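**Student:** Got a structure for you, questions after.
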């Protein structure tokens, strides 16, 4: 059995990750990690996940934790701190944290020279399939079709646009043979003038308990194409991340994504 540590175990996503890991026949939860002062410290991880006790308590003591792979869905600072522990122990890490700066992403990429690192803005199978469809559509339609990424999440999400929205924007840019940084428009207000050909626009909605919705819209002369993914449960992300953790346990050092896990052609 592969021993898994869940970093950020007490959060909503962390509890789902614990439950998904407990479902997996090849994995066992060996560590449930949280930051100091978290109210869940000392609780049994199995109970926290909504099940029976498993004899693993939530702790902030990484030094005594034992694990073969880490799943981290926290904040950028927490993720980078966990990468340091993974480098010391030479164990893989699956990262679902979003909102990393370019400098922080560079640190993650550097770690991939020494240990297996998987980073994915979205670990769901469906959204990764959608990314491939979006890239194919962008390639076929070209920049003459205006592209917009519209995303919606719960009111507690702290970064915008979502990492998944940016992932889909990258798919559009790649399909067009372009770079997202050169084409992205993240806000429109006031007298903006006409839209420029090739722009990739983003619209963000935050409210309620929306798990996650992403639509890529291609608007051309006389027609509009929309490709949409709606998540109804965070468990789909958790199960994808757990699937990735089982796969990563056997990989060599390198930088991976969910396309690698799922064997999807690029």
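The values are calculated or read from the model by the stated rules, or taken from the named source; none is laboratory data. A quick note: this is a predicted structure, and the numbers were derived from the prediction, not measured. Note: ideal-geometry Cβ built from the backbone for every residue, glycine included; neighbour counts use all protein chains shown.
**Student:** Can you go through 171, 137, 187 and tell me which one is in a helix (DSSP H, G or I), on the phi < 0 side of the Ramachandran plot and surrounded by fewer than 21 Cβ atoms within 10 Å (Cβ to Cβ)?
**Tutor:** 137
**Student:** Out of 239, 195, 243, 252, report the one residue that is in contact with a strand residue (DSSP E or B) (Cβ under 7 Å, 6 or more places away or on another chain), outside any strand (DSSP E or B) and more than 23 Å from residue 141 (Cβ to Cβ).
**Tutor:** Working: 239 fails: in contact with a strand residue (DSSP E or B) (Cβ under 7 Å, 6 or more places away or on another chain); 195 fails: more than 23 Å from residue 141 (Cβ to Cβ); 243 fails: in contact with a strand residue (DSSP E or B) (Cβ under 7 Å, 6 or more places away or on another chain).
Going through 239, 195, 243, 252 in turn, the sole match is 252.
**Student:** What about residue 39, is it farther than 19 Å from residue 124 by Cα, free of Cβ contacts under 8 Å to residues at least 40 places away in the same chain and outside any helix (DSSP H, G or I)?
**Tutor:** On the way: farther than 19 Å from residue 124 by Cα: yes; free of Cβ contacts under 8 Å to residues at least 40 places away in the same chain: yes; outside any helix (DSSP H, G or I): yes.
Yes: the conditions hold for residue 39.
**Student:** Okay, moving on. Scan segment 65-78 for residues that are assigned to a helix (DSSP H, G or I) and in contact (Cβ under 8 Å) with a residue 60 or more places away in the chain and report the count.
**Tutor:** Summing the residues that are assigned to a helix (DSSP H, G or I) and in contact (Cβ under 8 Å) with a residue 60 or more places away in the chain in segment 65-78 gives 1.
**Student:** A further question follows. Counting only residues that are touching a strand residue (DSSP E or B) at 6+ places or on another chain (Cβ under 8 Å), part of a loop (DSSP other than H, G, I, E, B), within 19 Å of residue 247 (Cβ to Cβ) and in contact (Cβ under 8 Å) with a residue 60 or more places away in the chain, how many does segment 1-35 have?
**Tutor:** The number of residues fulfilling the criteria is 1.
**Student:** Say we look at segment 23-32 and pick out the residues that are in contact with a helix residue (DSSP H, G or I) (Cβ under 6 Å, 6 or more places away or on another chain) and within 24 Å of residue 80 (Cβ to Cβ); which of these is surrounded by the fewest Cβ atoms within 10 Å (Cβ to Cβ)?
**Tutor:** Step one: list which residues in segment 23-32 are in contact with a helix residue (DSSP H, G or I) (Cβ under 6 Å, 6 or more places away or on another chain), which gives 24, 26-27, 29, 32.
Subset that is within 24 Å of residue 80 (Cβ to Cβ): 29, 32.
Values: 29: 24, 32: 31.
Applying the filter and picking the extreme gives 29.
**Student:** Something else about it: Suppose we filter 106, 120, 111 for residues that are more than 21 Å from residue 153 (Cβ to Cβ) and touching a residue at least 12 places away in the same chain (Cβ under 8 Å); which single one remains?
**Tutor:** On the way: 106 fails: touching a residue at least 12 places away in the same chain (Cβ under 8 Å); 120 fails: more than 21 Å from residue 153 (Cβ to Cβ).
Only one candidate qualifies: 111.
**Student:** Given 68, 44, 60, 72, which one is crowded, with 19+ Cβ neighbours inside 10 Å and modelled with pLDDT of 95 or more? So that I can check it myself, show each step before the final result.
**Tutor:** Details: 68 fails: crowded, with 19+ Cβ neighbours inside 10 Å; 44 fails: crowded, with 19+ Cβ neighbours inside 10 Å; 60 fails: crowded, with 19+ Cβ neighbours inside 10 Å.
After ruling out the rest, the residue left standing is 72.
**Student:** So, residue 17, is that one more than 23 Å from residue 159 (Cβ to Cβ), surrounded by 15 or more Cβ atoms within 10 Å (Cβ to Cβ) and under 23 Å from the mean Cα position of the chain (by Cα) or not?
**Tutor:** It is false that residue 17 is more than 23 Å from residue 159 (Cβ to Cβ), surrounded by 15 or more Cβ atoms within 10 Å (Cβ to Cβ) and under 23 Å from the mean Cα position of the chain (by Cα).
**Student:** Could you check, for segment 107-121, whether at least one of its residues is crowded, with 22+ Cβ neighbours inside 10 Å and over 23 Å from residue 69 (Cβ atoms)?
**Tutor:** The answer is no, given that none of the residues of segment 107-121 is crowded, with 22+ Cβ neighbours inside 10 Å and over 23 Å from residue 69 (Cβ atoms).
**Student:** Now for a separate question. Tell me whether segment 89-107 contains one or more residues that are over 16 Å from the mean Cα position of the chain (by Cα), in the same structural domain as residue 211 (by TED's automatic domain parsing) and modelled with pLDDT of 95 or more.
**Tutor:** Checking segment 89-107: not a single residue is over 16 Å from the mean Cα position of the chain (by Cα), in the same structural domain as residue 211 (by TED's automatic domain parsing) and modelled with pLDDT of 95 or more.
**Student:** Which of the residues spanning segment 81-128 are part of a helix (DSSP H, G or I), touching a helix residue (DSSP H, G or I) at 6+ places or on another chain (Cβ under 8 Å) and over 17 Å from residue 32 (Cα atoms)? Break it down stepwise before answering.
**Tutor:** Residues of segment 81-128 that are part of a helix (DSSP H, G or I), as a first pass: 81-89, 102-111, 125-128.
Remaining after also requiring touching a helix residue (DSSP H, G or I) at 6+ places or on another chain (Cβ under 8 Å): 82-83, 85-87, 104, 107-108, 111, 125-128.
Listed by number, the residues that qualify are 87, 104, 107, 108, 111, 125, 126, 127, 128.
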